[in-house]
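Presented below is the structure to which this report refers.
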Amino acid sequence: MRTFTGVAVNFSYSLIGKIISGAVSPHATEPDSHIFIFNDPQSRSQRTGLLLNSSSPVFENCDSPVFKLLGENYVVEKGDVILLTPNEGGTVLYEKKSRSNAVLVTNRCNSHCITCPQPPQPDQEDLADFSSKIISLIDPDLEVLGITGGEPTLNWEGLLKVVSASRKFLPNTSIQLLTNARLLKDFVKAKELAELAEGNLFACVPLYGDVDSLHDEIVGVRGAFWETVEGLYNLARVGICVELRTVIMQSNYSRLEKWAEFVYRTFPFVDHVALMGLEPIGLAAENIDKVWIDPADYAKQLEKSVKSLHRRGMNVSIYNHQICTLPKSLWPFARKSISEWKNIYFQECEGCKMQSACGGFFHSAQAHRSQSISAFS
Amino acid sequence: MVSTSFDAKVYSLEAIKNASYDFTEKATIVIETASAGRIQVNFNVPVSISEATPDSLISEFIRLVTDHQIRVDVGRDYKLVREMIIAQAFEPVDNLDIIVSKIQP
Amino acid sequence: MSQSYRFLPFRFERVADRVLLVNDVGDFHFLPESSFDALIGRKISPESSEYLDLKSKNMIWDSHLSNVIDLLATKYRTKKQFLYDFTSLHMFVLTRRCNQRCAYCHASSVCVEDKDVLDMDVATARKCVELVFMSPAKSIKIEFQGGEPLLNFNVLKSVVEYSLELNEKYKKNLEFVVCTNLIALDEDKLEYIKSNKIYISTSLDGPEYIHDEFRKNRSGEGSYKNVTANLALAQSSLGHDNISALMTVTDLSIDHLDEVIDEYIARGLGSIFLRMLNPLGYASAEWNRLGYSVDDFVDAYAKALDKIIQINRSGVYFPEMFTTLLLSRILTPFSTGFVDLQSPAGVGIGGVIYDTNGDVYVSDEARMLAHSKGDKSFCVGNAHSHSWREIFGSERLREIISSSCIEALPGCAWCVFQSYCGADPVRNYAVYGDMVGKRPENDFCRKHKAIFRVIFEYLAKDDEDIEDIFWSWIIGKPLAENSANATQM
C-alpha cells in the first residue's frame, strides 16, 4: 500500500477518511488542499478535515483535523480512502483509480504456502472492523472489491461482517474473495456465505497440483488438497462463482497439462482458470532456489495446458507474465495483472513496442526474472 | 476337438468362464474340472473358421484368460470401493470417513 | 518392492498397441504394456509421473479414501444426470402416412389416403401434450415424426399451440423438432416453422444417384430434386444452423460415403449423421438387398471419419454427429442425452413416443416393432385411458429398464467401453428375441465396440489438431469462434 509522511494538527488519534474534494500534488498550484470526511469516534458524527500541500500555510483559528504533507512522494485523489496516524504518517487504504483494491479480514493463515508473498502473522486487532470502516467510505461505483488475508475464512465472523458491510455500502460491487476454501468444506459455512453475498461474490481458490501429495507439499499441510476439493464442490453447490488458480513453480510445472485436464474433468463448473507467474517476494523469495523456474523453461507446458483448457471451452488467463516470455499463441490469454503500485519495467524493456500490452514486473523481480526478457522493436 | 487345461490354484473358474463368453464366436466351449486341481477346457470349433490352427486358438484363449484373471484379481481389490462409490452417489452418508477407516492402502 | 497403493474400479483392453484403462466415471488413460504389468504387480514407484497420472485419473488410491469415494460419487452422479432429467424427449407420430416409399423405412409408413385411421387427431394430440407436461424434466423436446408429419400439419400446429399454452404455467425449456423429408414444405408451413422456432431434421442420402435409389415418391421417382430444392428454400428462410440432416447408409452408399460427404458440404449442411441401417421395419424384409455386415459399416465409417477430419483440418467446421456424441461421453464429465445408448436404457425414462391413436411406446423402435410385426410388448399405456403415473410407474417399464443396466450384463460388465455405452432392450428384443441380447454375437454391441476403437485410436495419437477438431465438435462451434474471452480482473 502507498504511504506518505506528514504532520498531524488538531488531532491525536488515527483517522480513516475519504478525500472528497480537490487534488493535492507537489506541483499543483490551485487548489492546494483537499477536504476529507471521516467518522469521528468521539463525537460519533461525520466531520471534515484538511489535507494540505507542504507549501500551504496552516489556517489560523481552525479546529478541524489538518494533515500537512511532507516530501514530494504522494498523490491522492478524490474518492481515495486514507488512514492518518499522528507521528506515523498516512496510508492510502483504497485507491479509487486502481483496479486491485482489497481489504483484509485477518493476517492469520491455516496454510504455509512455499510461495506465499505475504507470510501470515498474528492479528493485533480485529481487522474486520477496520475493513468495514474502509468499506463504509468507498464510493459505491466500485466494480470489484477484494477480500484477502491471510486466509479470510479463519476469521469467519469477521468475514461475514465485511461481506455485510460491502452489501450494505457497495450494493453494486462484486466481492472477490481470495481463499484456499479449506474451511468451506463445511457446507453450512459455504451456504451462509452465499446467502449473505446474494450472488455478488466470487471466490479465487488456489489449487497447485492435480494430486494430493503435490498440492499438500506446496501448501505445507497434509490433507489440504482434499479440503480444498470439498470446498470447491460446496462453492459450486451454493452457486458461488469460482476462479481456480495455480502458481507455476519448480515442483508443479511439469504436470501443468495434467493439472488442466484434471481441473476440467473434476471442476467443470469453474468460471475462470488462472495460471500465475511466481512473485519472488515473501516466502517465495526465501525459498527461491526451491521454487524458481524461468518462464522460458515452462513455455511448452504452459502452452499445452492453456490450449487444453481453451479448447474445452473454459475461460483461461495467464497472470504475472511478461509478453516476451510467452509464445505468441498465448498472448491473447495474458492479462496485465500486476497491481499498479507494484508494476515496473527494466533496462531490457527499453524501447519495447509491446509495453502497453505487457503486465510488466513486480518490484521483487529485481533479483529474479526470466533470462529471456527482451524488447520488441 | 482341441483342449487345454489350467492350474486351478492360479486361474479362477470365473476368469475361464468369462473368457469362454468372449470366445463364443470362435468356438463352443465345455469346461470341466479335471484331476489334480486342473480345469480342463474343450473347444468345439465350427468348420467355417476352422482354418485357425489349434495352437493359435489356444494361445489366444490363454491370453484372454490371463486378462480375465487380472480383472478378477483387480476387481476383488476394488469391489467394496465400487459399491461405496455408487451408494455414495445416490444415497450419501456423512460418516464415510469412519466407515472406510478400516480399509488400508 | 511392492508399493502400497490399491486399485479403483477400472476396466481395460488393448487398444492402439497400448493398454487402455477406463474407470466407472469415464476417466481414461493409456499405458504401455510394460507399465500395465508394473501397475498390476504393484511395482509402480510413487515418485514416478506414471504413478501421479494414475492417481490423477482415479485409477489407484493411496490415502484419503473417503475423499476419493466422495469425489468419484460426485462424478458418477454427474455422468448419470440423465436419470434425474426424467423423460425429456417426447416424440409424436402425427401420421403413419407418407408421401415417400423408402425401401428401408424403419417406421413401416404407408401411402394410402386414409386419414381417419392413420392420422393423430386433435383430441389425442391434446391428451398426449398433457402427458408431456406431467414429466418432471426441466427441458422438454417435442419431436414430430411420422410417416411424414407435414402431412398432418394442422395437428402439428395444435400440438405446438397447446404446448406453448401449457408452458406458460410449467415454464420448461421447450423445444420443437420436426423430422421431415421436406417434400410437402410450402411457404405457409415454412413461415409457421420459422415463427415458432421449430428445428428441422431431414434426410439426405447423398448425391442424386444414391439418394434416389431408395428414397422414392409414391410414383417410384426419386425425391432428390424436390428435397434439395426445398432444403435450399428452408435454409435461406431459417438459416443453415436450424436444419440438419442424417443419412442412412445402404449397400449402395457404403462404398461412396466420400461422395455423400461432398454432397452435404455442397448443400451447405453443417454436419452429417452417418446412420447404420437397422433390421427394422421394411429394412428387415429387404435386408438381403440393402443390408451389409457390421464390419463393412465400421470400415466405411472409419474411412468417412478420416475424410471428415481432413475436411475439418482444412478449416471447414463439419462434425459427424454420432462421433460427436461418443466424444462427449468420452471427453466431458457430463451426462449426454441420447436415448438409444444409455445405461439404464433411455427407453421410457429418457424418451417416449406417442402413436397416432395415443398409444405410448418406450421408444421409436418399440413403435416400429408394433407396426411391422404387430408386437405391442413395449406399449406401456394409452394417453386416453392412462395417467402419467400408471404409464411411467408401471411394473412393465421397470422390468424393461432393469434389463438394460449394462453394468450388470455379461460381456458389458468387463467391456472397457462400458462407461460410455448403453443398451437398447427393445432392439435386442426385436432382433434377438430377448431384452438382454447375447453380446459377442450382437451387432449393436459389435458396432459400438468397433466405433469406440476407431475413436480411441485417434485419441491415442495425442495429436493437438485432432483434439482441437474433436473439441470443436463437442463445444458445437469452430475453435476460432471460441475465442479468448476471459474476463480481465
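The values are calculated or read from the model by the stated rules, or taken from the named source; none is laboratory data. Everything numeric here is computed off the predicted structure, so don't read it as measured data. Note: ideal-geometry Cβ built from the backbone for every residue, glycine included; neighbour counts use all protein chains shown. These accessible areas exclude ligands, DNA and RNA; they are computed on the full protein's heavy atoms, side chains included. Shrake-Rupley method; radii C 1.70, N 1.55, O 1.52, S 1.80 Å.
Given R0 = 56 Å, the distance between the Cβ atoms of A:ASP186 and C:ASP116 translates into a calculated FRET efficiency of 0.30. With contacts taken as Cα pairs under 8 Å and at least 6 residues apart, the stretch A:102-317 reaches a relative contact order of 21 percent. Calculated on the Cα set of chain A, radius of gyration then Dmax: 22.3, 70 Å.
Just need log10 I(q)/I(0) for chain C at q = 0.10, 0.11, 0.13 Å⁻¹, Debye formula, equal scatterers on the alpha-carbon atoms, no solvent, rounded to two decimals. Log10 of I(q)/I(0), two decimals: -0.81, -0.99, -1.36. With only the Cα atoms considered, the stretch B:2-100 has a convex hull volume of 119 Å³ per residue.
Here the relative contact order of the stretch C:85-371, from alpha carbon pairs under 8 Å that lie six or more residues apart, stands at 23 percent. Helix content alone sets the calculated 222 nm mean residue ellipticity of chain A: runs of n ≥ 4 DSSP H residues at -39500 (n - 2.57) each, divided across all residues, give -7000 deg cm²/dmol.
Compared with the dominant Cα axis of chain A, that is its longest principal axis, helix A:299-311 is turned about 90°. In chain C, helical runs assigned H by DSSP with n ≥ 4 each contribute -39500 (n - 2.57); averaged across all residues and rounded to the nearest 500, the mean residue ellipticity at 222 nm is -12500 deg cm²/dmol. Normalised by 2.2 N^0.38 Å, where N counts its residues, the alpha-carbon radius of gyration of the stretch A:102-317 equals 1.01. The heavy atoms of A:LYS304 present about 80 square angstrom of accessible area, all protein chains included, probe 1.4 Å. Taking a straight line from the alpha carbon of C:LYS80, these aspartates and glutamates sit under 19 Å away, with near neighbours fewer than eight places off in the same chain left out: B:GLU83, B:GLU91, C:ASP24, C:ASP27, C:ASP70, C:ASP340, C:GLU407, C:ASP424. Taking every alpha-carbon pair under 8 Å whose residues sit at least 6 apart, chain A reaches a relative contact order of 12 percent. Summarised as an ellipsoid, the stretch C:363-439 has semi-axes of 26, 16, 9 Å, derived from the eigenvalues of the Cα gyration tensor scaled by 5 and square-rooted, with the largest first.
In the stretch C:8-79, the inverse of the mean reciprocal separation of distinct Cα atoms equals 12.7 Å; this is its Kirkwood hydrodynamic radius.
How large is Rg/Rh for the stretch A:197-280, to two decimals, with Cα atoms and a Kirkwood Rh?
0.96
Compared with the dominant principal axis of the Cα atoms in chain A, helix A:187-197 is inclined by about 50°. Start at zero, step by 20 Å, and the Cα-Cα distances of the protein assembly as shown spread as 11, 35, 32, 16, 4, 0 percent across the bins. Note on A:TRP331 and B:ILE99: the model spin-label points, each 7 Å out from Cα along the C-beta direction, lie 5.5 nm apart. Remark: the stretch A:242-252, residue by residue, has Karplus-estimated 3J(HN,Hα) of 10, 9, 9, 10, 9, 10, 8, 8, 3, 7, 10 Hz, where x stands for each Gly or Pro and the curve is 6.51 cos²θ - 1.76 cosθ + 1.60 at θ = phi - 60°.
Evaluating kT/(6 pi eta Rh) at 20 °C and 1.002 mPa s, with the Kirkwood radius of the stretch C:217-291 over Cα pairs in the Stokes-Einstein relation, gives 153 µm² s⁻¹. Computed with a 1.4 Å probe over protein heavy atoms only, the accessible area of C:TRP388 comes to about 40 Å². Is the stretch C:249-302 best put as rounded, prolate or oblate by its Cα gyration tensor, with a ≥ b ≥ c the root eigenvalues, rounded for a/c under 1.5, and otherwise prolate when a/b is larger than b/c, oblate when not? Judged from the Cα gyration tensor, the stretch C:249-302 comes out prolate (a/c at least 1.5, a/b above b/c). Shape call for the stretch A:79-203 from the C-alpha gyration tensor, a ≥ b ≥ c root eigenvalues: rounded (a/c under 1.5), prolate (a/b greater than b/c) or oblate? Here the stretch A:79-203 falls in the oblate category.
By how many degrees, 0 to 90 and rounded to 10, does the Cα axis of helix A:224-237 deviate from the longest principal axis of chain A? The two axes meet at around 80 degrees. Translational diffusion of the stretch C:1-134 was estimated from the Stokes-Einstein equation, with Rh taken as the Kirkwood radius over Cα pairs; at 4 °C and 1.567 mPa s the coefficient is 65 µm²/s.
Accessible surface of A:SER174, taken over heavy atoms with a 1.4 Å probe and every protein chain present, rounds to 40 Å². C:TRP473 sits among other residues whose Cβ lies under 12 Å from its own Cβ, and their net charge, with Lys and Arg +1 and Asp and Glu -1, is -1.
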